[in-house]
1. Out of the residues in the stretch 68-85 meeting the condition of being in contact with a Ser or Thr (Cβ under 9 Å, 6 or more places away or on another chain) and under 19 Å from PRO139 (Cα atoms), tell me which one is least open to solvent (accessible area, probe 1.4 Å).
2. May I ask you to say which residue of ARG143, ARG131 is in contact with a strand residue (DSSP E or B) (Cβ under 6 Å, 6 or more places away or on another chain), open to solvent by 20 Å² or more (accessible area, probe 1.4 Å) and touching a residue at least 24 places away in the same chain (Cβ under 8 Å)?
3. Determine which member of the set GLY39, GLY127, GLY70, GLY133 is at positive phi, at pLDDT below 95 and either in contact with a helix residue (DSSP H, G or I) (Cβ under 8 Å, 6 or more places away or on another chain) or of a type in the set (D, E, K, R) (or both).
4. Which is open to solvent by 70 Å² or more (accessible area, probe 1.4 Å), out of contact with any Lys or Arg (no Cβ under 8 Å at 6 or more places or on another chain) and either over 21 Å from ASN160 (Cβ atoms) or among the acidic types (Asp, Glu) (or both), of LYS136, LYS119?
5. I'd like the full set of residues that are more than 30 Å from PRO177 (Cβ to Cβ) and in contact with a Phe, Trp or Tyr (Cβ under 6 Å, 6 or more places away or on another chain), limited to the stretch 133-150.
Amino acid sequence: KVLKVQEIIGESEGIQKVKDTIEKVAPTDARVLITGENGSGKELVARWLHEKSNRANAPIVEVNCAAIPGELIESELFGHEKGSFTSAIRQRIGKFEQAHGGTLFLDEIGDMSLNAQAKVLRALQEGKIARVGGDKEIPVDVRVIAATNKDLLREVDSKNFRLDLYHRLGVILIHVPSLNQRREDIPLLVEKFLADIAEEYGQAIKPIDKKAMAALQKHNWTGNIRELRNVVERLIILSGKEILLPDVEAYVVPK
């Protein structure tokens, strides 16, 4: 098995709730919909749900629905037969088949086209798929975990998302709080990043002054944990022997 998934850092109420839900839900095959802002750690939650499930020895296959053009998403998910369209020079196995026995993680599900949504719904209902350009039904056994930074019920109202698919995916809902909603976790996260990045760079852990840490806790983290990690890395590179308040003021708050 690959490296253990990195731990979910934090002791705030919101994060504790996420961890408790993972413990309860992971061993089941219930479908989970993870919501939260970009950079808040939705993918990590999905990986833990897989890691603590009975499917942990099988693959977790990730699809970023926002990164794949609408016309290619079906081929990506369901695969295609050779010659099914102009550029299909060989048969392709889709993500549903790749995840057979394991977990399929559909990230940014709110960006999936309605056409693809209909086919995903059918695959979930029937437990089988057909490749693009093929008529053979292929049984698939996958647990689907989906994530989105959108308000899917609002997307349903705007006719961008299917209500029946929302209900299929959202048996269990896990909301990952934004970093601004869990500021008490910032010192723990900063210490973790200071250690991780020092190890990556092969150098000693750089200490951070109390006032600098307090300033990081007050900052408005629009990019969440991803932004915090980048900022810690920037502070390590640009500060002196210790990270001080003037460093935070100079390198964190955009002028």
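The values are calculated or read from the model by the stated rules, or taken from the named source; none is laboratory data. In this text the structure is predicted, and so the values were computed from the model without any measurement. Glycine gets a Cβ as well: all are built from the backbone with ideal geometry, and neighbour counts include every protein chain shown. Surface areas here come from the heavy atoms of the whole protein model, side chains and all, with no ligands, DNA or RNA. Shrake-Rupley method; radii C 1.70, N 1.55, O 1.52, S 1.80 Å.
1. SER75
2. Details: ARG143 fails: open to solvent by 20 Å² or more (accessible area, probe 1.4 Å).
ARG131 is the lone residue from the list that is in contact with a strand residue (DSSP E or B) (Cβ under 6 Å, 6 or more places away or on another chain), open to solvent by 20 Å² or more (accessible area, probe 1.4 Å) and touching a residue at least 24 places away in the same chain (Cβ under 8 Å).
3. Details: GLY127 fails: either in contact with a helix residue (DSSP H, G or I) (Cβ under 8 Å, 6 or more places away or on another chain) or of a type in the set (D, E, K, R) (or both); GLY70 fails: at positive phi; GLY133 fails: either in contact with a helix residue (DSSP H, G or I) (Cβ under 8 Å, 6 or more places away or on another chain) or of a type in the set (D, E, K, R) (or both).
Step by step, each of GLY39, GLY127, GLY70, GLY133 is checked, and only GLY39 is at positive phi, at pLDDT below 95 and either in contact with a helix residue (DSSP H, G or I) (Cβ under 8 Å, 6 or more places away or on another chain) or of a type in the set (D, E, K, R) (or both).
4. Residue meeting the stated conditions: LYS136.
5. Step one: filter the stretch 133-150 for residues more than 30 Å from PRO177 (Cβ to Cβ), giving 133-141.
Passing the criteria: only VAL140.
Rundown of residues vs (1) over 21 Å from GLN98 (Cβ atoms); (2) among the acidic types (Asp, Glu); (3) outside any strand (DSSP E or B), yes/no style:
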| residue | (1), (2), (3) |
| --- | --- |
| ASP29 | no, yes, yes |
| ILE34 | no, no, no |
| SER40 | yes, no, yes |
| ALA46 | no, no, yes |
| ALA58 | no, no, yes |
| VAL61 | no, no, no |
| ALA66 | no, no, yes |
| GLU76 | no, yes, yes |
